[in-house]
Amino acid sequence: MKILVTGAAGFIGSKISYLLAERGDDIVAIDNINDYYDVRLKYGRLRELGIGEGYICLEWNKEYNSTKFKNLKFLRIGIDNHDALSNLFAKEHFDKVINLAAQAGVRYSIANPYAYMTSNLDGFLNIIECCRNYPIKHFLFASSSSVYGMNKKVPFSEEDVVQTPVSLYAASKKSNELMAHCYSKLYGIPCTGVRYFTVYGPWGRPDMAPMVFAKAITNENSISVFNNGDMIRDFTYIDDIANGSIKILDNIPINNDCANGVPYRIYNIGCSNPVKLMDFINEIEIAVGKKAKKIFKPMQPGDVYMTYADTTKLQTEIGYKPNIDLHEGINKFIEWYKSDKNPLK
């Protein structure tokens with residue numbers, strides 16, 4: 001099975017690429033390696049895939065073969081480059097596509113809205129247009145728990161109406177879901193959107209709470225605790241996210257099994273065991289061996305009080321079940337954070 005993974009230098013994309021290559025699929029991995037956050041982390045993830053040695057600058061549109069997996073290669077391509085994408089699809093004849101490339105970050109979207117339109121809308125359109133022009137068996141794409149926005153009912157279910165986003169990032173992800181449904185209906189492309197819930201673990205993004213807290217607590221600096229600590233998150237370990245995504249990839253939507261005969265589905269992936277922010281911080285304190293210096297602040301624009309995934313649909317239809325609880329996950333994360341593998345230590 002030949003699979004394209006976009007956003008392969010990202011947190012989730014690099015892990016999924018590794019697991020797919022490890023099981024024997026032919027993987028073409030792409031990423032634009034933008035500088036939204038420290039690119040040393042992105043190059044470090046690629047190094048785990050056998051792409052490059054140390055901190056290097058990969059050339060655009062050039063193939064790099066993995067030294068770890070003979071069935072994996074990487075190209076530096078942005079999904080906003082329609083011609084490069086089209087040429088890649090014409091050459092490779094993909095069976096399946098996993099689109100994880102996007103401009104990430106809820107708060108960043110408030111200050112930098114245009115970055116989200118270029119990547120999350122224009123780039124998404126380029127990818128799904130290529131899937132139309134060069135037919136594939138399954139298009140899996142990353143959505144987000146942020147689409148639930150101001151919804152008050154918990155846990156969040158795929159059946160909930162999601163029309164109240166509180167960030168442009170969330171709005172762009174909901175737009176992706178609508179675009180994919182349209183293409184699935186018009187052109188029969190089997191599409192599945194995955195709403196990820198608060199992913200954490202080794203190689204996580206430096207702008208996310210686990211990395212921010214671990215760094216500050218380790219260095220005995222203060223941390224900002226928003227909404228005065230009164231927040232709840234459905235923290236989900238990276239391995240559970242990646243393994244669940246692959247299970248979904250292997251399960252192709254069939255017209256007769258989907259609403260209105262359209263081969264399109266949406267799934268939540270979360271731990272389905274939400275944790276108070278203060279308890280999360282406490283787990284990091286224990287793992288690091290130091291107490292946090294907390295500065296309590298009000299809720300930030302774009303944030304929501306709670307995320308909580310109802311994963312009943314995913315468990316019933318795909319057989320997904322998370323295996324890593326918060327205590328084990330934080331210990332694994334801090335072990336990596338303190339190791340020489342962490343380029344930002």
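The values are calculated or read from the model by the stated rules, or taken from the named source; none is laboratory data. Everything numeric in this text was worked out from a predicted model, so none of it was measured. Using ideal geometry, Cβ is built from the backbone for each residue, glycine included, and neighbour counts are taken over all protein chains shown.
Across segment 131-158, the number of residues qualifying as surrounded by fewer than 17 Cβ atoms within 10 Å (Cβ to Cβ) and in a helix (DSSP H, G or I) comes to 2. List the number of the failed condition for residue 255; all other conditions in (1) buried (at least 17 other Cβ atoms within 10 Å of the Cβ); (2) touching a Gly at 6+ places or on another chain (Cβ under 8 Å) hold. Against the list (1) buried (at least 17 other Cβ atoms within 10 Å of the Cβ); (2) touching a Gly at 6+ places or on another chain (Cβ under 8 Å), residue 255 comes up short only on (1). Given the criteria at pLDDT below 95 and of a type outside the set (Val, Ile, Thr), does residue 63 qualify? So residue 63 fails the test.
Looking at segment 80-113 only, could you name the residues that are among the small types (Gly, Ala, Ser), more than 16 Å from residue 7 (Cβ to Cβ) and surrounded by fewer than 19 Cβ atoms within 10 Å (Cβ to Cβ)? Those that are among the small types (Gly, Ala, Ser), more than 16 Å from residue 7 (Cβ to Cβ) and surrounded by fewer than 19 Cβ atoms within 10 Å (Cβ to Cβ): 86, 90, 111.
Would you say residue 161 is out of contact with any His (no Cβ under 7 Å at 6 or more places or on another chain), among the hydrophobic types (A, V, I, L, M, F, W, C) and not in a helix (DSSP H, G or I)? Answer is yes for this residue. Quick check on my filter: what residues within segment 54-79 are in a strand (DSSP E or B), buried (at least 16 other Cβ atoms within 10 Å of the Cβ) and hydrophobic (A, V, I, L, M, F, W, C)? Scanning segment 54-79 gives 72, 74, 75. Please verify whether residue 191 is within 25 Å of residue 242 (Cβ to Cβ) and either touching a Lys or Arg at 6+ places or on another chain (Cβ under 8 Å) or free of Cβ contacts under 8 Å to residues at least 40 places away in the same chain (or both), treating the condition exactly as stated. So residue 191 passes the test. Residue pairs whose Cβ atoms lie under 6 Å apart, separated by 6 or more positions or on different chains, with the first residue in segment 130-158 and under 20 Å from residue 187 (Cα atoms) and the second of a type in the set (Phe, Trp, Tyr), are 130/89; 131/139; 132/187; 134/89; 136/94.
Please list, ordered by first then second residue, the pairs with beta carbon atoms under 6 Å, 6 or more apart or interchain, first in segment 236-260 and farther than 21 Å from residue 182 by Cβ and touching a residue at least 12 places away in the same chain (Cβ under 8 Å), second among the basic types (Lys, Arg) and assigned to a helix (DSSP H, G or I). Listed pairs, sorted by first residue: 238/15; 242/15.
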